[in-house]
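The values are calculated or read from the model by the stated rules, or taken from the named source; none is laboratory data. As the structure is a prediction and not an experimental result, all values here were calculated from the model. Glycine also receives a Cβ, built like all others from the backbone with ideal geometry; neighbour counts cover every protein chain displayed.
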Amino acid sequence: MDLSAINPVLLIASLMVAATAVMIAAIGELIVERAGVLNLGVEGMMITGAICGFAVAVQTGSPTAGFVAATIGGAALSLLFAFLTQFALANQVASGLALTLFGLGLSSLLGQGYQGIKPPATPRLDIPVLTDLPVVGRILFGHDLMVYVGLALVAAVWAFLKYSRAGLILRAVGENHDAAHALGYKVVRIRIMAIAFGGACAGLGGAYISLIRVPQWTEGMTAGIGWIALALVVFASWKPWRVLLGAYLFGGVTVLQLNLQAAGIAIPVEYLSMSPYIITIVVLVIMSADKSRAPASLGRIFHATS
Amino acid sequence: MLRLEKRRQPSQAFAYATPVMAVIATMIFGGLMFAALGKDPVAAIRTIFWDPLFGQHAFYYRPQLLVKGGPLILIAIGLSLGFRAGIWNIGAEGQYILGALGGAGVALAFYPMEGWFIFPLMILGGAIAGCAWAMIPGLLKVRFGTNEILVSLMLVYVAEQLLASMSLGLMKNPQGFGFPGSRNLQQYPSAHNADLIANTGMHWGVAAAFIAVIFAYILLTRHQLGYHIRLTGEAPRAAKFAGVSPARLILFCLGISGALAGLAGMFEVSGPAGQVSIDFNTGYGFTAIIVAFLGRLHPVGILLAGMLMALTYIGGEIAQSSMGLPAAAIQMFQGMLLFFLLAVDVLTSYRLRFGKGEVA
């Protein structure tokens, strides 16, 4: 065992990469839940995004096209959920589960023939002087573009919810859909848009895993990241900046356990691989004391004439 | 303009018709999907739904129906109790794995001793292990208000790692030439969950599934606890005023579903699967969620739904080998079934009306 082989600067830099996928998916789900909808299909949308992005990136040779396709794929799948819960008034928990099961099947069907292929590389940001700075250079300026897109997304969602009129309406719909309806807001339409946004984010996060983080395609490769994204929203008490905090915490645990595995610590690999999930549970327990923050209409079915 | 109008009473006729409608819609859209994959849709549907029952080799496949259906029904019965009360245990897969580890652990501890008491102890071990695993989200929910959906699901991934660790380490067969996986319990008579009647597929797990169906039916229709479960699901506030303790109900529902999932895992590992290995679990815990909903959370419905789902598993395998249909297509087919079910379910409590409605 050689713990000194773990370089803290590299650790922080790779933590940011490890956190990005779950962060993007979680910030999308945060919008969905603030609109009062609980979409448990994040895992399914992520893996669909992962394969859509991967396939398109391989076919076109452009990672950007891949990310766009992943966004569309995730959003398209989420519209199925939107149809079930907003028009057919189905139970949101069951519909979300269905979305995950369906997405897992769909992705492995689409992914046939893409196993063992390397996707086109995504360029890293490389600013001549800044990236070469000691310590901060690698951490702040040496990542691929998607890391910054993720951070920008968190900031944008925060600003949207806090300062924009549309954000206020979205929150009103999430807190009390009957009152929002009485004020003349289109509850169903707003929720569908929120669900589609969540789906797009989940797809983007999934593509980040298959195109940059891993990068290759294997069946079931998201391995519960989508569920961790859901847990992250609870952890964050539905506040955007706390999603960032939670994602970095999760990323830190993931990277640390991988480093410990590589350093050959005496704990068996399987127990180290469990740790992100166990820590998620522990964090959920700690955070669930604060119940007051959940949007009041979360998970409730809205039917205008009832 | 299409709109929905709430029925005064949920329609009984549609309650029975919607699962059938969902199955038919899935066949149609699944057929389209198979056609898109370049397979003959009619032949594919016939291979999946007809051949295992009445085809040329049906004598071989019919017992498989019980082997696959047994664990699905057993797990789904447990899940349905919780789902009715709004308690969402979706980590049955993890409880299934733990049950298998518990049962196999007992058997391997006694190896190579023979005795009549070993199998009952294994049953106990499997049930307790599954129940204990489900108690983690249960106790956390009762004590801290933690979301049971997320915790029970996280524990699936933990259980999978535990399974890998066990089959590579503690439970590895010392005479297995270094291959991962435990001793084969089929070759250990005291622990083998053999067919009760040879070549029928009817092993103890299937028997347990049938018993569970009967008990669940009695519980829900004739027992106060079952009434409390239904009341909590339909009117949580009324249930509270009636003195139903939510904490006890949560622990009961999670405990029983965990124990049943654990039993399913134990019967599987000591019978059809035979040994603890990295990938012995085949996703029954997740498919059982579909089974529970397809059976409309009713014990008899679940019995039928479990058999139907077993049919798609077996038919899917046949279609895989004879038509080259990818396994993922079957998985998608099953997911589709749940989608259609949820979509048409709206007709039980709402009525479709054409034309513009008056202002609400």
Kindly check whether there is at least one residue in region B:198-216 that is over 27 Å from B:G301 (Cβ atoms) and modelled with pLDDT under 75. yes
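Please find, among A:Y277, A:Y248, the residue that is of a type outside the set (V, I, T), at the interface with another protein chain (Cβ under 8 Å from one of its Cβ atoms) and either assigned to a helix (DSSP H, G or I) or over 14 Å from the mean Cα position of the chain (by Cα) (or both).
Details: A:Y248 fails: at the interface with another protein chain (Cβ under 8 Å from one of its Cβ atoms).
Selected residue: A:Y277, the only one of A:Y277, A:Y248 that is of a type outside the set (V, I, T), at the interface with another protein chain (Cβ under 8 Å from one of its Cβ atoms) and either assigned to a helix (DSSP H, G or I) or over 14 Å from the mean Cα position of the chain (by Cα) (or both).
Among the residues that make up region A:39-49, is at least one of them of a type in the set (S, T, N, Q), over 16 Å from A:A207 (Cβ atoms) and under 17 Å from the mean Cα position of the chain (by Cα)?
Looking only at region A:39-49, we keep the residues that are of a type in the set (S, T, N, Q), and these are A:39, A:48.
Applying the additional criterion that residues be over 16 Å from A:A207 (Cβ atoms) yields A:39.
Imposing the further condition that a residue be under 17 Å from the mean Cα position of the chain (by Cα) reduces the set to A:39.
Yes, region A:39-49 contains a residue that is of a type in the set (S, T, N, Q), over 16 Å from A:A207 (Cβ atoms) and under 17 Å from the mean Cα position of the chain (by Cα).
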Scanning region B:116-127 for residues that are within 10 Å of B:G102 (Cα to Cα) and buried (at least 19 other Cβ atoms within 10 Å of the Cβ), the one farthest from the other protein chains (Cβ to nearest Cβ) turns out to be B:I123
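Could you tell me whether any residue of region B:172-179 is in contact (Cβ under 8 Å) with a residue 60 or more places away in the chain, in a loop (DSSP other than H, G, I, E, B) and either over 18 Å from B:L263 (Cα atoms) or away from chain A (no Cβ under 14 Å) (or both)?
Within region B:172-179 (the criterion being in contact (Cβ under 8 Å) with a residue 60 or more places away in the chain, in a loop (DSSP other than H, G, I, E, B) and either over 18 Å from B:L263 (Cα atoms) or away from chain A (no Cβ under 14 Å) (or both)), the answer is yes, since at least one residue qualifies.
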Name the residues in region A:242-276 that are surrounded by fewer than 18 Cβ atoms within 10 Å (Cβ to Cβ) and of a type in the set (V, I, T), would you? A:I265, A:I267, A:V269
Please determine, by comparing only the residues of region B:132-158 that are more than 9 Å from chain A (Cβ to nearest Cβ) and closer than 17 Å to B:F286 by Cα, which one is surrounded by the most Cβ atoms within 10 Å (Cβ to Cβ). B:A134
Being touching a residue at least 40 places away in the same chain (Cβ under 8 Å), part of a loop (DSSP other than H, G, I, E, B) and crowded, with 22+ Cβ neighbours inside 10 Å narrows it down to one of A:W217, A:W238, so name that one. A:W217
Positions within region A:257-270 being out of contact with any helix residue (DSSP H, G or I) (no Cβ under 7 Å at 6 or more places or on another chain) and assigned to a helix (DSSP H, G or I), in sequence order: A:L258, A:A262
Given (1) touching a residue at least 24 places away in the same chain (Cβ under 8 Å); (2) part of a helix (DSSP H, G or I); (3) over 19 Å from B:Y313 (Cβ atoms); (4) not hydroxyl-bearing (S, T, Y), identify the lone condition not met by B:A207. (1)
Requiring at least 3 residues that are closer than 30 Å to A:Q92 by Cα, the helices (runs of 4 or more DSSP H) wholly within region B:43-138 are B:58-84, B:92-110
Pairs, first facing chain B (nearest Cβ under 7 Å) and closer than 19 Å to B:F83 by Cβ in region A:77-106, second among the hydroxyl-bearing types (S, T, Y) and crowded, with 24+ Cβ neighbours inside 10 Å, C-beta under 7 Å, six or more apart: A:L84/A:S95; A:S95/A:T85
Any residue in region B:245-262 that is surrounded by 24 or more Cβ atoms within 10 Å (Cβ to Cβ) and either closer than 23 Å to B:T312 by Cα or touching a strand residue (DSSP E or B) at 6+ places or on another chain (Cβ under 6 Å) (or both)? yes
For A:H181, the lone unmet condition from (1) within 14 Å of chain B (Cβ to nearest Cβ); (2) out of contact with any Ser or Thr (no Cβ under 6 Å at 6 or more places or on another chain); (3) crowded, with 20+ Cβ neighbours inside 10 Å; (4) more than 13 Å from A:M23 (Cα to Cα) is (3)
Among B:Q175, B:Q161, which is the only one that is of a type in the set (S, T, N, Q), more than 26 Å from B:W204 (Cβ to Cβ) and surrounded by fewer than 18 Cβ atoms within 10 Å (Cβ to Cβ)? B:Q175
